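A short worksheet on the structure shown next.
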Amino acid sequence: MENLLATRSVTKTYGKQNALHDVSIHVRPGEVYGLIGKNGAGKSTLFKVIMGLAAQDNGEISIYNQPSIENLVGAQKNIGFMFGSQFFPYLNARENLVYTCKLKGITDKTEVDRVLKLVELDQVKKKVKTFSMGMKQRLNIANALVGKPDLIIMDEPINGLDPQGIASFRHLVQKLNREQEITFLLSSHILGELGLMATRFGFIHDGELLKEVDRETLLGKTEDQVIIKVDNTEKATYLLEDQLSSLDYVVNGDKEIVLSDHIDETNKIAKILVDGGLELYKLTPHQQTLEEYYLSLVQEGGQANV
Ligand SMILES: Nc1ncnc2c1ncn2[C@@H]1O[C@H](COP(=O)(O)OP(=O)(O)OP(=O)(O)O)[C@@H](O)[C@H]1O
């Protein structure tokens, strides 16, 4: 499928700091793409490079498969962008958006009403300085919607929102994605926050893109596990390795054994451990979360089996 936005082997350094190394992401039309990475992973730098706010050292950006600089500048007009709030606090939402229209050279007088309606701020008259975080976020989206972009890029859009704000943000993104056919590229340092709304994920760590994976594949990878806690982890893994045919496990920092196979044989596992003279404190089935999957991906440097 043709990409709406792609980066090819983009590299960017700040002095000796390697902010992006060989990053190739592929955002297809109609997706809600979640770029996930911890603080300092390179998400903002990648967005700045895409928007032409920072120059890459190497690599290419293409929008609708148009890599040349002149075309890219034109194509960037089809991108709505949000990098934190930059509104006049003493103006209301409408007045702020009129200003955005002026900056973008949009003369259509109905544009402000259109975007205010889409984010359900059309009835709100008060000044922006009195807005809740959730309302500010909706105004941010309205601002990005001005000019009918195909793609909206938002850097850490969920930061600072309460659970209700996160839910209404999610519903708004999904509605705009479905009804206005807007593609989204969103970043977060918390996978769980984008886990419910993104249709595809890119995992970035220390400036490198570890993996791109669609939602269904990712959900299929969060496996059923068994968590075991005993008084002697080393002896337990020795006994289990000895008496079970194959054993896929990790020992995590809390001295727990996380077993990914033999999950239907908890009775047998308990017997092996107790017969081996171990104190068994815990033996519980567990469904791996997206966050845990992401952490294992980072630990394995992108080699997790997707
Ligand atoms: N202007 C700059 N000068 C020097 N180093 C920078 C600059 N901007 C970013 N960096 C460094 O580049 C790396 C990537 O930073 P970036 O801001 O892109 O990460 P991020 O994933 O967006 O994290 P955060 O969510 O904390 O902003 C970090 O090590 C950061 O310190």
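Each reported figure results from applying straightforward, stated rules to the coordinates on display, with no laboratory input. This structure is a prediction, so every number in the text was calculated from the model and none was measured. When we count neighbours, we look across all protein chains shown, and the Cβ atoms used for this are built from the backbone with ideal geometry, even at glycine.
Some notes on this structure:
- Mean separation of Cα contacts under 8 Å (6+ apart) over length of the chain, as relative contact order %: 20
- Tilt relative to the chain, helix 163-179 - C-alpha long axis, 0 to 90 degrees, to 10: 60
- GluC sites (Glu not before Pro) restricted to DSSP loop in segment 89-148 with at most 14 other C-beta within 10 Å: Glu120
- Segment 172-244-segment 5-32 distance, computed between alpha-carbon centres (Å): 21
- Just checking the listed ones, Lys48, Lys102, Lys136: in the Gaussian network model of the chain with Cα springs under 10 Å, the one fluctuating most is Lys102.
- Neighbours of Glu216, meaning other residues whose beta-carbon lies under 14 angstrom from its beta-carbon, give a summed charge of 0 when Lys and Arg score +1 and Asp and Glu score -1.
- The calculated FRET efficiency for Lys235 paired with Asp206, based on their beta-carbon distance and R0 = 45 Å, is about 0.80.
- By average C-beta atoms within 10 angstrom, highest first, the peptides 149-156, 179-186: 149-156, 179-186
- Among Thr237, Thr217, Thr45, the residue with the largest mean-square fluctuation in a Gaussian network model of the chain, with springs joining Cα atoms closer than 10 Å, is Thr237.
- 15 Å beta-carbon shell around Asp264, net charge (K/R +1, D/E -1): -3
- Assigned charges on the beta-carbon of Lys, Arg, Asp, Glu; segment 223-287 dipole about Cα centre (debye): 220
- Pairs from Lys104/Lys127; Lys38/Lys136; Lys102/Lys125; Lys48/Lys148; Lys16/Lys136; Lys16/Lys255 whose Cα-Cα separation, in the structure shown, is over 31 Å: Lys16/Lys136; Lys16/Lys255
- Each stretch of four or more DSSP H residues adds -39500 (n - 2.57); spread over every residue of the chain, this sum gives -10500 deg cm²/dmol at 222 nm.
- Fewest-first ordering of Tyr33, Tyr90 by other beta carbons within 10 Å of each residue's beta carbon gives Tyr90, Tyr33.
- Note on the chain: with a GNM built from Cα contacts shorter than 10 Å, the maximum mean-square fluctuation among Tyr99, Tyr238, Tyr293 falls on Tyr238.
- Table column - 3J(HN,Hα) (Hz), segment 219-228, Karplus curve with 6.51, -1.76, 1.60, x for Gly and Pro: 5, x, 8, 7, 8, 6, 9, 10, 9, 10
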